[in-house]
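The values are calculated or read from the model by the stated rules, or taken from the named source; none is laboratory data. Only a predicted model underlies this, so the values are computations on that prediction, with no experimental measurement involved. Methodologically, a virtual Cβ is constructed for each residue, glycine included, from the backbone with ideal geometry; neighbour enumeration extends over all protein chains shown. Ligands, DNA and RNA are excluded from the accessible area calculation, which covers all protein heavy atoms including side chains. Shrake-Rupley method; radii C 1.70, N 1.55, O 1.52, S 1.80 Å.
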Amino acid sequence: QLEESGGGLVKPGGSLRLSCAASGFTFSDSYMGWIRQAPGKGLEWISYIGSGGRFMDYTDSVKGRFTISRDNAENSLFLQMNSLRVEDTAVYYCVKAEAGKIGGVWGPGTLVTVSS
Amino acid sequence: EIVMTQSPATLSVSPGKRATLSCRASQSVGTSLAWYQQRPGQAPRLLIYTATTRATGIPARFSGSGSGTEFTLTISSLQSEDSALYHCQHYHTWPLTFGGGTRVDI
(Lines give C-alpha, C1' and ligand atoms only; values in the text may rest on other atoms or scores of the structure.)
Protein backbone atom coordinates (compact mmCIF):
# COMPACT_ATOMS: atom_id res chain seq x y z
CA GLN A 1 0.00 0.00 0.00
CA LEU A 2 1.08 3.55 -0.69
CA GLU A 3 -0.38 6.74 0.77
CA GLU A 4 0.63 10.24 -0.34
CA SER A 5 0.34 13.39 1.74
CA GLY A 6 1.44 17.01 1.59
CA GLY A 7 -0.53 18.30 -1.36
CA GLY A 8 -2.39 21.59 -1.29
CA LEU A 9 -2.64 25.12 -2.66
CA VAL A 10 0.57 27.09 -3.18
CA LYS A 11 1.42 30.31 -4.98
CA PRO A 12 3.67 30.37 -8.04
CA GLY A 13 7.30 30.37 -6.97
CA GLY A 14 6.46 28.60 -3.73
CA SER A 15 7.54 25.23 -2.38
CA LEU A 16 5.85 22.05 -1.22
CA ARG A 17 7.08 18.70 0.08
CA LEU A 18 5.15 15.55 -0.74
CA SER A 19 5.48 12.40 1.33
CA CYS A 20 4.52 8.82 0.58
CA ALA A 21 4.17 6.17 3.29
CA ALA A 22 4.71 2.61 2.11
CA SER A 23 3.59 -0.63 3.69
CA GLY A 24 3.04 -4.26 2.77
CA PHE A 25 6.26 -4.80 0.84
CA THR A 26 10.00 -4.53 1.36
CA PHE A 27 10.42 -0.82 0.71
CA SER A 28 14.20 -0.85 0.99
CA ASP A 29 14.45 -3.32 -1.93
CA SER A 30 12.16 -1.31 -4.21
CA TYR A 31 12.66 1.35 -6.82
CA MET A 32 10.12 4.13 -6.35
CA GLY A 33 8.82 6.98 -8.45
CA TRP A 34 6.50 9.95 -8.77
CA ILE A 35 4.00 10.27 -11.61
CA ARG A 36 1.70 13.23 -12.09
CA GLN A 37 -1.50 13.90 -13.98
CA ALA A 38 -2.59 17.45 -14.78
CA PRO A 39 -6.38 18.03 -14.77
CA GLY A 40 -7.91 16.35 -17.81
CA LYS A 41 -4.48 15.36 -19.13
CA GLY A 42 -2.36 12.27 -19.48
CA LEU A 43 0.26 10.82 -17.15
CA GLU A 44 3.81 12.12 -16.78
CA TRP A 45 6.54 10.11 -15.01
CA ILE A 46 8.58 12.89 -13.43
CA SER A 47 11.15 11.09 -11.27
CA TYR A 48 12.42 7.76 -9.98
CA ILE A 49 14.88 6.72 -7.28
CA GLY A 50 16.79 3.51 -6.79
CA SER A 51 16.35 1.26 -3.80
CA GLY A 52 19.42 2.60 -1.99
CA GLY A 53 18.72 6.22 -2.86
CA ARG A 54 21.88 6.71 -4.89
CA PHE A 55 20.41 6.53 -8.38
CA MET A 56 17.71 8.95 -9.50
CA ASP A 57 16.58 10.92 -12.49
CA TYR A 58 14.06 13.57 -13.47
CA THR A 59 12.12 14.55 -16.52
CA ASP A 60 13.26 17.82 -18.08
CA SER A 61 10.16 19.72 -16.98
CA VAL A 62 11.10 19.41 -13.28
CA LYS A 63 14.89 19.01 -13.40
CA GLY A 64 16.61 21.54 -11.12
CA ARG A 65 13.38 22.35 -9.26
CA PHE A 66 12.24 19.01 -7.78
CA THR A 67 14.24 16.61 -5.60
CA ILE A 68 13.29 13.01 -4.91
CA SER A 69 14.53 11.29 -1.76
CA ARG A 70 13.70 8.37 0.50
CA ASP A 71 14.08 7.17 4.08
CA ASN A 72 14.28 3.38 4.08
CA ALA A 73 14.22 3.24 7.87
CA GLU A 74 10.83 4.98 7.82
CA ASN A 75 9.51 3.32 4.61
CA SER A 76 8.94 6.77 3.16
CA LEU A 77 9.41 8.50 -0.18
CA PHE A 78 9.56 12.26 -0.61
CA LEU A 79 9.35 14.87 -3.35
CA GLN A 80 10.62 18.35 -2.58
CA MET A 81 9.11 20.78 -5.08
CA ASN A 82 10.59 24.27 -5.38
CA SER A 83 9.96 27.19 -7.75
CA LEU A 84 6.50 25.83 -8.46
CA ARG A 85 4.71 26.92 -11.61
CA VAL A 86 1.05 27.00 -12.61
CA GLU A 87 1.76 24.12 -15.00
CA ASP A 88 2.85 21.93 -12.05
CA THR A 89 -0.80 21.75 -10.98
CA ALA A 90 -1.64 18.04 -10.98
CA VAL A 91 -2.48 14.97 -8.97
CA TYR A 92 0.82 13.46 -7.85
CA TYR A 93 1.02 9.68 -7.52
CA CYS A 94 3.63 7.73 -5.61
CA VAL A 95 4.43 4.43 -7.35
CA LYS A 96 6.39 1.28 -6.65
CA ALA A 97 8.43 0.99 -9.79
CA GLU A 98 8.69 -2.65 -10.82
CA ALA A 99 11.98 -3.29 -12.58
CA GLY A 100 12.57 0.40 -11.90
CA LYS A 101 10.29 1.40 -14.75
CA ILE A 102 6.75 0.04 -14.41
CA GLY A 103 4.07 1.46 -12.17
CA GLY A 104 3.23 -1.73 -10.30
CA VAL A 105 1.59 -0.26 -7.19
CA TRP A 106 0.03 3.22 -7.03
CA GLY A 107 -1.08 5.43 -4.19
CA PRO A 108 -4.44 7.24 -4.42
CA GLY A 109 -2.67 10.50 -5.26
CA THR A 110 -2.47 13.96 -3.74
CA LEU A 111 -3.57 17.15 -5.48
CA VAL A 112 -1.14 20.04 -5.86
CA THR A 113 -2.63 23.31 -7.05
CA VAL A 114 -0.32 26.19 -8.01
CA SER A 115 -2.28 29.39 -8.29
CA SER A 116 -2.12 33.00 -7.20
CA GLU B 1 12.26 11.49 -25.95
CA ILE B 2 10.04 8.71 -27.29
CA VAL B 3 6.55 9.96 -28.12
CA MET B 4 3.66 7.56 -27.54
CA THR B 5 0.45 8.05 -29.54
CA GLN B 6 -2.80 6.29 -28.68
CA SER B 7 -5.84 5.85 -30.89
CA PRO B 8 -8.70 6.31 -30.94
CA ALA B 9 -9.18 8.99 -28.31
CA THR B 10 -12.60 7.59 -27.43
CA LEU B 11 -14.17 4.22 -28.11
CA SER B 12 -17.85 3.41 -27.56
CA VAL B 13 -18.57 -0.29 -27.39
CA SER B 14 -21.59 -2.38 -26.41
CA PRO B 15 -21.39 -4.83 -23.49
CA GLY B 16 -20.12 -8.23 -24.57
CA LYS B 17 -18.34 -6.86 -27.63
CA ARG B 18 -14.59 -6.56 -28.28
CA ALA B 19 -12.53 -3.37 -27.96
CA THR B 20 -9.21 -2.85 -29.72
CA LEU B 21 -6.94 -0.02 -28.53
CA SER B 22 -3.79 1.05 -30.37
CA CYS B 23 -0.53 2.54 -29.16
CA ARG B 24 2.31 3.68 -31.40
CA ALA B 25 5.86 4.61 -30.39
CA SER B 26 7.93 7.19 -32.30
CA GLN B 27 10.86 4.73 -32.31
CA SER B 28 11.27 1.07 -31.44
CA VAL B 29 10.83 0.17 -27.78
CA GLY B 30 11.09 -3.59 -28.32
CA THR B 31 8.55 -5.11 -25.93
CA SER B 32 9.13 -2.54 -23.16
CA LEU B 33 5.50 -1.52 -23.12
CA ALA B 34 2.91 -1.41 -20.34
CA TRP B 35 -0.83 -0.77 -20.29
CA TYR B 36 -2.79 0.76 -17.41
CA GLN B 37 -6.48 1.13 -16.63
CA GLN B 38 -7.78 4.22 -14.83
CA ARG B 39 -11.38 4.18 -13.68
CA PRO B 40 -13.04 7.55 -12.95
CA GLY B 41 -11.77 9.10 -9.73
CA GLN B 42 -9.18 6.36 -9.19
CA ALA B 43 -5.47 5.91 -9.61
CA PRO B 44 -4.26 3.90 -12.59
CA ARG B 45 -3.61 0.19 -12.16
CA LEU B 46 -1.22 -1.99 -14.12
CA LEU B 47 -2.86 -4.31 -16.65
CA ILE B 48 -0.11 -5.54 -18.98
CA TYR B 49 3.72 -5.36 -19.06
CA THR B 50 6.38 -6.55 -21.52
CA ALA B 51 3.65 -5.89 -24.11
CA THR B 52 1.87 -9.19 -23.54
CA THR B 53 2.09 -10.30 -19.86
CA ARG B 54 -0.98 -9.76 -17.69
CA ALA B 55 -0.31 -8.35 -14.24
CA THR B 56 -1.44 -10.28 -11.16
CA GLY B 57 -5.20 -10.50 -10.85
CA ILE B 58 -6.00 -9.11 -14.29
CA PRO B 59 -8.79 -11.04 -16.05
CA ALA B 60 -7.97 -13.08 -19.13
CA ARG B 61 -10.26 -10.92 -21.28
CA PHE B 62 -7.44 -8.34 -21.33
CA SER B 63 -4.64 -9.17 -23.76
CA GLY B 64 -1.73 -7.28 -25.23
CA SER B 65 0.20 -7.74 -28.44
CA GLY B 66 2.84 -6.06 -30.56
CA SER B 67 6.49 -5.15 -30.56
CA GLY B 68 8.75 -2.46 -31.93
CA THR B 69 6.53 0.55 -32.57
CA GLU B 70 3.00 -0.88 -32.84
CA PHE B 71 1.03 -2.27 -29.88
CA THR B 72 -2.54 -3.32 -29.23
CA LEU B 73 -4.63 -3.84 -26.12
CA THR B 74 -7.66 -6.04 -26.73
CA ILE B 75 -10.55 -6.31 -24.31
CA SER B 76 -12.78 -9.20 -25.29
CA SER B 77 -16.37 -9.45 -24.08
CA LEU B 78 -16.52 -5.98 -22.50
CA GLN B 79 -18.13 -5.60 -19.10
CA SER B 80 -19.53 -2.44 -17.49
CA GLU B 81 -16.59 -2.17 -15.09
CA ASP B 82 -14.23 -1.87 -18.08
CA SER B 83 -15.42 1.70 -18.66
CA ALA B 84 -12.21 3.60 -18.04
CA LEU B 85 -9.28 5.52 -19.46
CA TYR B 86 -6.50 3.30 -20.77
CA HIS B 87 -2.88 4.44 -20.94
CA CYS B 88 0.15 2.91 -22.63
CA GLN B 89 3.69 3.59 -21.39
CA HIS B 90 7.09 2.65 -22.78
CA TYR B 91 10.00 1.87 -20.48
CA HIS B 92 12.73 1.45 -23.04
CA THR B 93 14.82 4.47 -21.97
CA TRP B 94 14.49 7.49 -19.69
CA PRO B 95 12.36 9.56 -19.81
CA LEU B 96 9.53 7.07 -19.50
CA THR B 97 6.55 8.44 -21.39
CA PHE B 98 2.84 7.72 -21.69
CA GLY B 99 0.36 8.03 -24.51
CA GLY B 100 -2.52 10.48 -24.26
CA GLY B 101 -4.99 7.75 -23.34
CA THR B 102 -8.04 6.08 -24.88
CA ARG B 103 -11.39 6.43 -23.13
CA VAL B 104 -13.60 3.35 -23.40
CA ASP B 105 -17.31 3.98 -22.90
CA ILE B 106 -19.68 1.06 -22.49
Electrostatic dipole magnitude of chain A [Cβ: Lys, Arg +1; Asp, Glu -1; Cα centre; debye, to 20]: 280 debye
The ³J(HN,Hα) series, computed from each phi in segment A:111-116 with the Karplus coefficients 6.51, -1.76 and 1.60 at θ = phi - 60°, rounded to the nearest Hz and given as x for glycine or proline, is 8, 10, 10, 10, 7, 8
Relative contact order %, chain B, counting alpha carbon pairs below 8 Å whose residues are six or more apart: 38 percent
Give the accessible surface of the protein assembly as shown per residue, rounded to a whole number of Å², with probe radius 1.4 Å and ligands, DNA and RNA excluded. 45 Å²
Restrict the search to segment A:21-106; then list the trypsin sites (Lys or Arg not before Pro) that DSSP places in a loop and that have at most 16 other Cβ atoms within 10 Å of their Cβ. A:Lys41, A:Arg54, A:Lys63, A:Arg65, A:Arg85
For segment B:62-106 and segment B:1-42, write down the distance between their C-alpha centroids in whole Å. 3 Å
A chain fully extended from A:Asn82 to A:Asp57 at 0.36 nm per residue, minus the present Cα-Cα distance, gains in nm 7.4 nm
What net charge do the residues around B:Thr10 carry, taking every other residue with its C-beta under 13 Å from that of B:Thr10, with Lys and Arg at +1 and Asp and Glu at -1? 0
Among residues other than A:Gly14 whose Cβ falls under 12 Å from its Cβ, what is the net charge (Lys/Arg +1, Asp/Glu -1)? +3
How would you classify chain B from its alpha-carbon gyration tensor, with a ≥ b ≥ c the square roots of the eigenvalues: rounded for a/c under 1.5, else prolate if a/b is greater than b/c, otherwise oblate? prolate
Cα-based Lys proximity count in the protein assembly as shown, under 23 Å, for pairs eight or more positions apart or on separate chains: 7
Just tell me how shielded A:35-48 is by partners: mean number of partner chain Cβ atoms within 10 Å of each residue's Cβ, no decimals. 4
Taking all protein chains as present, what is the carbon and sulfur share of the accessible area of segment B:19-90, in % to the nearest whole number, probe 1.4 Å? 45 percent
Would you mind working out the magnitude of the charge dipole of chain B relative to its Cα centre, with +1 at each Lys and Arg C-beta and -1 at each Asp and Glu C-beta, to the nearest 20 Debye? 200 debye
